[in-house]
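Reading through the structure tokens given below for one structure.
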Amino acid sequence: MHELAVCQDIITQVEQLAIEHKAKAIHSINLEIGPLSGVEAALLKAAFPIASAGTVAENAQLEITAIAVTVNCNICHKQSQAAANKLICEHCGSWQTRLVTGDEMVLKRIEMDT
Amino acid sequence: MCETCGCNITPGNKDTESGKAAVEVLHSLLHENDHQAAHNRQHFDQHQTLAINLMSSPGSGKTALLEHTIDKLGDQLNIAVIEGDLETENDANRIRDKGAPAVQITTGSACHLDAHMVHDGLHQLELDGVDILFIENVGNLVCPASFDLGHHKNVTLLSSTEGDDKPSKYPVMFRAADLMLITKADLLEVLDDFDTDKATENFRQLAKQDPVLTVSSKKGSGMDEWINWLKSSLTDYREKLAAGKTQQPAIQSDGAAMHSHDHAHHSHGHAHVHSHES
Ligand SMILES: Nc1nc2c(ncn2[C@@H]2O[C@H](COP(=O)(O)OP(=O)(O)O)[C@@H](O)[C@H]2O)c(=O)[nH]1
Ligand SMILES: [Mg+2]
Ligand SMILES: [Zn+2]
Ligand SMILES: [Zn+2]
């Protein structure tokens, strides 16, 4: 369970931003997470109250946008959706693809009360 | 401006009326870790030490591989080890018995190493003259894959006793591998349910073109290929250093990609920075 460690990293960043912007409280935290990031959204949500307790983000809403897996084919150069453990081109069947989206673990935006 | 690395955060649309401000951040969730990892990488690069992160399930043979590797390569190259595996407490002693310096890092109950732990370990280790530093990660096929330690290559071990479907079950871990190493090859003949071709195919289905090698630390089979991979990785790495570059594992998390030496990528957001060559 490394999601607690991930949450603690998020909180450190958010606290820093709150100081820079002289925020009184963090209102919402928006993340983008893809299945190939290795971070589970549900576990992140469960860990968040523990990591945020007593911080400026204590009452923040954690919003997570799930990103789908898409690949671009090195052979036929078309794009397709794929399963996380089968990054195969759905047009020509090649495994020689490149991940376009699906490994995001991004702190996208935060809203704060100033 | 991000205070630590100077990367760009858009100033935010401040709505003074309501007293609310929104800030677009576009940072990795592991921003703090990634900064420490970049710092560790500088340590390694100053000493021209190739750092290799070994990951696997518990008991897949990481320490046994290191013992055998030191036996075979120890008189040609200087090898050192950072031990982070909790499974067997005497892993560091097993390495020292082979004549290589080893630091045991205390991970507490952590299920993965992070860049800060490795940094602490580095300060107990003399890197001068070390050609290859192995970092033996915690035996776990999930968590270690998400944390950049500042290393240059990932090696993921898959032992023949585990099942050839592991790459499909743990795609994040196996996608991170610059080399998949099938271990305990001596047991393949008695295990009828592990097919190395099937394991390789499951690995390829993760869009992995990287090499797959099969070794036995017990019988020594496949060791020459493994040693060759290490030597050519070291040569490649030092050529990159000579050209003023560094190296990162081929597939890195979004965050690590964002914090590659080229900070300019920040302005494009994350969509363009997947698995680019560094
Ligand atoms: N048969 C066989 N057993 C091995 C081999 N490599 C390691 N082992 C055994 O697997 C167990 C775990 O090995 P270890 O190196 O401690 O695994 P680690 O937890 O990944 O460091 C030990 O009992 C080893 O003796 C091998 O190549 N063949
Ligand atoms: Mg071990
Ligand atoms: Zn195709
Ligand atoms: Zn930054």
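The values are calculated or read from the model by the stated rules, or taken from the named source; none is laboratory data. Everything numeric here is computed off the predicted structure, so don't read it as measured data. As a convention, Cβ positions derive from the backbone with ideal geometry for all residues, glycine included, and neighbour counts pool all protein chains shown. What goes into the accessible areas is simple: the full protein's heavy atoms, side chains included, and nothing from ligands, DNA or RNA. Shrake-Rupley method; radii C 1.70, N 1.55, O 1.52, S 1.80 Å.
So here's what we get for this one:
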{"read-out": "Residues located in the range B:198-226, provided they are closer than 27 Å to B:S146 by Cα and assigned to a helix (DSSP H, G or I)", "value": "B:K198, B:A199, B:T200, B:E201, B:N202, B:F203, B:R204, B:W226"}
{"read-out": "Out of A:S80, A:S94, sole residue that is more than 7 Å from chain B (Cβ to nearest Cβ), open to solvent by less than 50 Å² (accessible area, probe 1.4 Å) and either assigned to a strand (DSSP E or B) or in contact with a helix residue (DSSP H, G or I) (Cβ under 8 Å, 6 or more places away or on another chain) (or both)", "value": "A:S80"}
{"read-out": "Among the candidates B:G61, B:G121, B:G84, residue that is touching a strand residue (DSSP E or B) at 6+ places or on another chain (Cβ under 7 Å), within 16 Å of ligand 2 (Cβ to nearest atom) and within 14 Å of chain A (Cβ to nearest Cβ)", "value": "B:G84"}
{"read-out": "Meets criteria (of a type in the set (G, A, S), at pLDDT 95 or above and surrounded by fewer than 20 Cβ atoms within 10 Å (Cβ to Cβ)) for B:G129", "value": "yes"}
{"read-out": "Residues of the range B:164-197 classified as within 14 Å of chain A (Cβ to nearest Cβ) and assigned to a loop (DSSP other than H, G, I, E, B), total", "value": "5"}
{"read-out": "Count of residues meeting criterion [buried (at least 17 other Cβ atoms within 10 Å of the Cβ), over 11 Å from the mean Cα position of the chain (by Cα) and not in a strand (DSSP E or B)] in the range A:22-54", "value": "5"}
{"read-out": "Inter-residue pairs, beta-carbon under 7 Å, first more than 13 Å from ligand 1 (Cβ to nearest atom) and in the range B:212-233, second part of a helix (DSSP H, G or I) and among the small types (G, A, S), 6+ apart", "value": "none"}
{"read-out": "Residue match in the range B:93-105 (condition: part of a loop (DSSP other than H, G, I, E, B) and more than 16 Å from ligand 1 (Cβ to nearest atom))", "value": "yes"}
{"read-out": "Whichever residue in the range B:58-79 is crowded, with 22+ Cβ neighbours inside 10 Å and in contact (Cβ under 8 Å) with a residue 40 or more places away in the chain and, among such residues, is farthest from B:V103 (Cα to Cα)", "value": "B:S60"}
{"read-out": "Scan of the range B:236-245 for residues that are part of a helix (DSSP H, G or I) and surrounded by 11 or more Cβ atoms within 10 Å (Cβ to Cβ), ordered by number", "value": "B:D236, B:Y237, B:R238, B:E239, B:K240, B:L241"}
{"read-out": "Set A:I29, A:I67, A:I50: member being away from ligand 3 (no atom under 16 Å from the Cβ) and within 20 Å of B:A22 (Cα to Cα)", "value": "A:I29"}
{"read-out": "Number of the exception - B:A102 against (1) among the hydrophobic types (A, V, I, L, M, F, W, C); (2) out of contact with any Asp or Glu (no Cβ under 6 Å at 6 or more places or on another chain); (3) open to solvent by less than 60 Å² (accessible area, probe 1.4 Å); (4) more than 14 Å from chain A (Cβ to nearest Cβ)", "value": "(2)"}
{"read-out": "Which numbered condition B:I95 fails, given (1) surrounded by 21 or more Cβ atoms within 10 Å (Cβ to Cβ); (2) more than 13 Å from ligand 2 (Cβ to nearest atom); (3) closer than 26 Å to B:T235 by Cα", "value": "(2)"}
{"read-out": "Residue within the range B:136-151 that is within 14 Å of another protein chain (Cβ to nearest Cβ) and within 16 Å of ligand 4 (Cβ to nearest atom) present", "value": "yes"}
{"read-out": "Qualifying positions in the range B:33-78 - assigned to a strand (DSSP E or B) and more than 16 Å from ligand 1 (Cβ to nearest atom)", "value": "B:L50, B:A51"}
{"read-out": "Filter result for B:F147 (crowded, with 17+ Cβ neighbours inside 10 Å, modelled with pLDDT of 95 or more and not polar (S, T, N, Q))", "value": "no"}
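Let's see how each residue does on (1) within 16 Å of ligand 4 (Cβ to nearest atom); (2) of a type in the set (V, I, T); (3) in contact (Cβ under 8 Å) with a residue 24 or more places away in the chain:
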| site | (1), (2), (3) |
| --- | --- |
| A:I29 | no, yes, yes |
| A:A53 | no, no, no |
| A:E63 | no, no, yes |
| A:I75 | no, yes, no |
| A:S80 | no, no, no |
| A:H91 | no, no, no |
| A:V100 | no, yes, yes |
| A:V106 | yes, yes, yes |
| A:I110 | yes, yes, yes |
